[in-house]
Amino acid sequence: MNTLLVPIDFSEATDAVLEEARKLSKSLDARVVLLHVIEPVASYIPVGASMDVLAAPIQENLPNQETIQKRLDQLATRLGTTPTASHAVIGTAVSEILDFAESEDVTYILLGSHGHGALYHLFSGSVVTGVLKKSKRPVVVIPSVTK
């Protein structure tokens, strides 16, 4: 059976990505796996011109994994009769998506694009760009809808 990995960040792009996942899953007779990655704050902070580092305190206010899992399960029910699974993991988004895609032998990765401009990506990069550059699986990018 084909498997579609659909990373979800609960942004405005989520609805469009879910709708495309629903349509594609019916066309391919595929199951859908929703994935949300909870990214911790960096444990080191560069300081001063010499770029010395200070250890940052462990982040205490990470989103509750159980709460996020419930939100993912609610989104999964919106896909209708499509067989679905959902997972919330802690890590860096690009590596967790790629690792999950390999371990679950997914057929396609569906990602939502937020429509940020080139300047934004120059300074911050993007999950879509990272996945596109490193994925061994086909990646489908769902564009954001601007009104």
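Scanning segment 15-29 for residues that are among the polar types (S, T, N, Q) and more than 19 Å from F100 (Cα to Cα) turns up just one, S27. Suppose we filter E60, E12, E39 for residues that are modelled with pLDDT under 90 and surrounded by 14 or more Cβ atoms within 10 Å (Cβ to Cβ); which single one remains? After ruling out the rest, the residue left standing is E39. Taking residues in segment 96-120 that are part of a strand (DSSP E or B), and partners anywhere that are at pLDDT 95 or above and of a type in the set (S, T, Y), the pairs with Cβ atoms closer than 7 Å and at least 6 places apart or on different chains are I109/S135. Restricting attention to segment 64-95, the residues being part of a strand (DSSP E or B) and surrounded by fewer than 20 Cβ atoms within 10 Å (Cβ to Cβ) number 4.
Going by the conditions given, is L5 modelled with pLDDT under 95, surrounded by 18 or more Cβ atoms within 10 Å (Cβ to Cβ) and not polar (S, T, N, Q)? Criteria not met by L5.
The values are calculated or read from the model by the stated rules, or taken from the named source; none is laboratory data. Every value quoted in this text rests on a predicted model; they were computed, and no experiment measured them. Backbone-built Cβ (ideal geometry, glycine too); neighbour counts: all protein chains shown.
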